[in-house]
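The block underneath contains the structure these notes are about, expressed in structure tokens.
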Amino acid sequence: MQCLYRVSSSARRIFLTQPLHTTTAQYEAQNTEKTINQVTLLGRVGADPQKRGSEEHPVINFPLATHFSYKYESGDVLQRTDWHRVSVFRPGLRDTVYKFLKKGQRVYVTGKLSYGEIKLDDGQVRTASTVIADDIIFFQSQPQNS
């Protein structure tokens, strides 16, 4: 198979361009770039989950807090909390989260990051990021007595 090559001098990479005897569809299918969009969070739920969406396309949303601490040279310690919006679309997981997840509970969330826009009541449009949950592991808030 004969192929054309293009050399990028700035990146010092060689890019394979379309082989001479393949169709555009075959070329695009062969050269689909692999990407990763993966998020892992361990934190505490900020509010009880809420149902949103429609009957045909329901979604469960909840806020998740994560934090980190750092120390200044003076010795002062600062703790910063980040809030993440988590959305659950998967039917079985969505139902379990809605029934059993409660504010303050510790959870481990894996999923992907998604960006969109939200139109506010006053007409302003804001960019929003959401973690689309693929899996959620619940931690018990208190040990159960045996």
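The values are calculated or read from the model by the stated rules, or taken from the named source; none is laboratory data. All figures in this text were calculated on a predicted structure; none of them were measured in a lab. FYI the Cβ positions are ideal-geometry reconstructions off the backbone, even for glycines, and counts take in every protein chain you see. Accessible surface is based on the protein model in full, side chains and every heavy atom, while ligands, DNA and RNA are left aside. Shrake-Rupley method; radii C 1.70, N 1.55, O 1.52, S 1.80 Å.
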Expected single match for of a type outside the set (Phe, Trp, Tyr) and closer than 16 Å to THR66 by Cβ among GLY123, GLY116, GLY104 is GLY104
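Out of LYS71, LYS99, report the one residue that is surrounded by fewer than 16 Cβ atoms within 10 Å (Cβ to Cβ), over 14 Å from LYS51 (Cβ atoms) and either free of Cβ contacts under 8 Å to residues at least 60 places away in the same chain or not aromatic (Phe, Trp, Tyr) (or both).
Values: LYS99 fails: over 14 Å from LYS51 (Cβ atoms).
When all the criteria are applied, what remains is LYS71.
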When LYS99 is run through (1) touching a Lys or Arg at 6+ places or on another chain (Cβ under 9 Å); (2) under 19 Å from GLY46 (Cα atoms), the failure sits at (1)
Only one of (1) over 24 Å from THR35 (Cβ atoms); (2) modelled with pLDDT under 95; (3) open to solvent by less than 100 Å² (accessible area, probe 1.4 Å) does not apply to ALA128, and that is (1)
The residue that is least open to solvent (accessible area, probe 1.4 Å), considering only those in the range 18-56 that are closer than 28 Å to HIS84 by Cα, modelled with pLDDT under 95 and among the β-branched types (Val, Ile, Thr), is THR35
